[in-house]
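To start, the structure under review is shown below, and the notes come after it.
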Amino acid sequence: MKKQGTPPRWALRLLEWYCRPDLLEDLQGDLHEYFERNIEEKGVRRARLNYIVDVFKFFKPYTVKKLDILDQLTQFVMFKNYFKTSVRSIVRNKLFSAINIVGLAISMSICLLVISIVSESFSYDKFHADYDRIHRVITQYQFLEDDPNDFASTSILAGQRTMEEVPGLEASTMLVSNYSEDILINDKYYPIEGRFATEDFFEVFSFNVLRGNASTALEEPNSIVITDKTAERLYAGKDALGKTMVTKSGKNYLITAIVETPPHASHFTFQSLISYSTYKAERNENPDSKYWISWNNIWSNHVYIKLLENTKPAEVNARLLSISEEENKASDRISNTVSLQPLTNIIMRSDLSNSNGKVIGIEVIWILTGLTLVIILSAGFNYTNLSIARSLRRSKEVGVRKVIGATRGHIFTQFILEATIISMISLCISFFLLQVLKPQFVQLLPEFAEAYQLNTEVSLVLYFILFAVIIGVMAGTFPALFLSKLNAINALKNSGSGRLFSRVNVRKALIVIQFTLSIAFIVAASIGYKQYKYALGFDLGFNTENILNVRVQGNDVGQLEAAFSKIPEVTDISKSTLVASTGSTYSATFKFEDPMDSTSLFYNAVDEKYIPLMKHDIIAGTNFTGLSKDPKEESVVILNETAIKHFNMGTPTEALEKNVEIDGKKLKIIGVVRDFHYAKIQDDIEPFGFRNTNNQYYIMNLKIDTKDVLNTMQKIEQAWDSVDEVHPLNAQFYDERIERAYADFSILFKVVGFLAFVSISIATMGLLGMSVYTAETRLKEISIRKVLGATEGSLIKLLAKSFMWLLCIAALIAVPITYFVFDSLILIDMANRINIGVIELFSGVVIIFTIGFFTIGSQTWKAAKSNPAQTLRSQ
């Protein structure tokens, strides 16, 4: 038996590489038969050699397949042709191109801003190593059967039990907020703030420690870690590591490490970190008080943990739930349930109280994204409308291309490319508009200024380009599909007539959608502005005029009062815990006769001058005048009408001298004030009381009587500096604080008003383009009508009628929907709100109709004024 062989493998591959696919199988078969025959006749070696020679012999033009590079070159040539055609079309149709480019540029600038915001929002806390394994322990607090409230903070006990009993943790740390001291350096005091932190802080977080040992820096009591900026502020140009800081209260802290200032993308920041053992030692100095470590003290502590790689958050949550159930057994009124919150989710949750840093809120992202989508859709509709309208003139071009061999794909690609070119030109313009919008956005709210830098990173520019390409493809898809479907014969036969597009009603639908959105934006802005003005002018039930609120900042209120009293323009001074009606609240447990029946009492601790100064109406009883102000001897309270009604105490006069229990203290009712709005006006009036504890005075309320506010403020600042040289004066007029408290409505008005302006501008440009198109295509008809006796007014009416009907349809859709959204969804839960009237609802309709009429009328008037003889001769 003769030895069998196979052809050389490389020769087989060579044949497969160069041979045309339709010849390959036959050629391989023939060569293989020759190869088998040669083996029989000449042997394997000779057969293999002959096979190689035959493979090279068949390398001829008719057997060689078309190289891919030639395909690519062809594609490049085609692309170049598409590009040239598109640019020529854009240049030739200047008006339509300008409308599309400007409209897209304006809307895209808003989109770029939102892309920047979203990109920066989702970058928070990702600079930490293993950020996806870091979680914060949060608490759900519930009092009796009340609705539960979620807190970003938790108790120290919860933190300790988590660290000691929960398996699967790589590291954990606990932060205690509100550290503030004045540091004495070279006979000068410097304020410094920070947080107490446990020793594993740097095991959880990846803040860059510049000097010192991160693993031991927070071990010992009275150890402090400061940032490089704080070090430079306190010890300019000197090495701060190892120095001892002496505080105003006489404490000494050893600087054990210098850490780089937390980056902007960190949800919390700090000037200093003080060892938790310091905090613990201070609290243990008072062995009688254990509340600081109790399960229910959830107000100032934040716990973070880093999970091991294989630990699942669900497993940790199950253990935390078990711990919560154990601890909650000790209380029959309050339950605190702890759970995990991913680190990267912290910046997005605005529903958590007691947050220890920046919060944006995912709802802000959704709202901005939604509004922006509306704007970009409006601009896209413009492009679609005008492109379809122009198709009447471009149908001949499409027909010619198809006759000479262009496929449907070629036509589709050409028009997609044209839309993408317009989108890229718009992107360049919008990038400059973005630089104008950035500072306007961050100035809307102090929270925005704190949360966003909006720097232009390389990755962000790539997002912008990708976005522009997507917008170009999306805007061009419908016109491209429409034009690529045209039959070549029909396109050539019917070019120049309107019959080709007689069934196209999508343009009308898009115009209606555009103006529906525009009217809705105007109505929304009008309602938001009215609610804002209503809130500012609302009668709160007390006087806020010419009241300057000064934060005490830990100073002696007696010294401050003495200093301010010397200013002639300060006619009266009172002290309080907070500034009412601006969103700040303090609450306590409130009971009457039944010890098992309790509720929450909102309160403000004030002195005897506060109620007369703010002109609260005492309808029964007396003020605090002449009573002891020692907090340990607190014995009386002044309640509002709602508190009296809540426990059915009878009339205000009947309620006097009755005893109630507030935070465990027995207090006698000495007065009843008329109900006023302690919280914001959208909230119902709840039980409220004035207390007389002078250990909670954080605000001084100064009654100002002056015509020279600047000069008076200078005197107040000088008086402040005479008492406190370390901290700057923090003062703001009451009315300004109220304006700030209701800034939500102001922002709603500004943002929606701006979007309404943008939407109207884009829609009007689209309407202008359609008007021009209609006037041009019906010029012959207009001329014939004029020859037959039609007046210019009747022609304007004829041409404008169809557009005005579209605006009417848009108004009929937008007004009721916007009314429903505000009346039944947005304002429904507000205790005090406006009644939406005719002016708010129809102001947008009037504006849109006016703009629309002048836009359409200007073009139809121009067409109606043309000379019919010249038009008919040229047609």
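The values are calculated or read from the model by the stated rules, or taken from the named source; none is laboratory data. Computed from a predicted model, the values in this text were never measured in an experiment. Note: ideal-geometry Cβ built from the backbone for every residue, glycine included; neighbour counts use all protein chains shown. Note: areas computed on protein heavy atoms with side chains; ligands, DNA, RNA excluded. Shrake-Rupley method; radii C 1.70, N 1.55, O 1.52, S 1.80 Å.
Of all residues in the range 195-222, those that are small (Gly, Ala, Ser), crowded, with 22+ Cβ neighbours inside 10 Å and not in a loop (DSSP other than H, G, I, E, B) total 1. Annotation: of all residues in the range 156-194 being small (Gly, Ala, Ser) and in a strand (DSSP E or B), the one that is most open to solvent (accessible area, probe 1.4 Å) is 180. Look through the range 744-761, keep the residues that are under 17 Å from residue 374 (Cβ atoms) and of a type in the set (Ser, Thr, Tyr), and return whichever of them is surrounded by the fewest Cβ atoms within 10 Å (Cβ to Cβ). Result: 761. Residues that are among the hydroxyl-bearing types (Ser, Thr, Tyr) and either in contact with a strand residue (DSSP E or B) (Cβ under 9 Å, 6 or more places away or on another chain) or open to solvent by 20 Å² or more (accessible area, probe 1.4 Å) (or both) within the range 393-438 comprise 407, 413, 420, listed in sequence order. Note on the range 544-578: among residues that are in a strand (DSSP E or B) and β-branched (Val, Ile, Thr), the one that is most open to solvent (accessible area, probe 1.4 Å) is 571.
Of all the numbered requirements in (1) farther than 30 Å from residue 625 by Cα; (2) open to solvent by 50 Å² or more (accessible area, probe 1.4 Å), residue 735 misses one, and that requirement is (1).
Within the range 319-371, the set of residues being over 12 Å from the mean Cα position of the chain (by Cα), assigned to a helix (DSSP H, G or I) and not hydrophobic (A, V, I, L, M, F, W, C) comprises 319, 322, 324, 325, 326, 327, 328, 344, 345. Scanning the range 623-639 for any residue that is without any contact (Cβ under 8 Å) to a residue 12 or more places away in the chain and either acidic (Asp, Glu) or more than 21 Å from residue 609 (Cα to Cα) (or both) turns up at least one such residue. All conditions in (1) among the charged types (D, E, K, R); (2) under 26 Å from residue 136 (Cα atoms); (3) in contact (Cβ under 8 Å) with a residue 60 or more places away in the chain hold for residue 200, with the sole exception of (3).
Against the condition modelled with pLDDT of 90 or more and of a type outside the set (Ser, Thr, Tyr), how does residue 820 come out, does it pass? Give the steps one after another, and end with the answer.
Values: modelled with pLDDT of 90 or more: yes; of a type outside the set (Ser, Thr, Tyr): yes.
Considered against the rule, which asks whether it is modelled with pLDDT of 90 or more and of a type outside the set (Ser, Thr, Tyr), residue 820 comes out as yes.
Counting residues in the range 231-250 that are within 32 Å of the chain's Cα centre (by Cα) and open to solvent by less than 60 Å² (accessible area, probe 1.4 Å) gives zero.
Can you name the residue in the range 525-534 that is at pLDDT 85 or above and either small (Gly, Ala, Ser) or open to solvent by less than 20 Å² (accessible area, probe 1.4 Å) (or both) and, of all such residues, is farthest from residue 844 (Cα to Cα)? The selected residue is 531. One residue stands out in the range 251-280 among those that are assigned to a helix (DSSP H, G or I) and surrounded by fewer than 18 Cβ atoms within 10 Å (Cβ to Cβ): the one that is modelled with the lowest pLDDT, namely 280. I'd like to verify a number: residues in the range 449-467 that are open to solvent by less than 30 Å² (accessible area, probe 1.4 Å) and aromatic (Phe, Trp, Tyr), how many? Of the residues in that region, 2 qualify.
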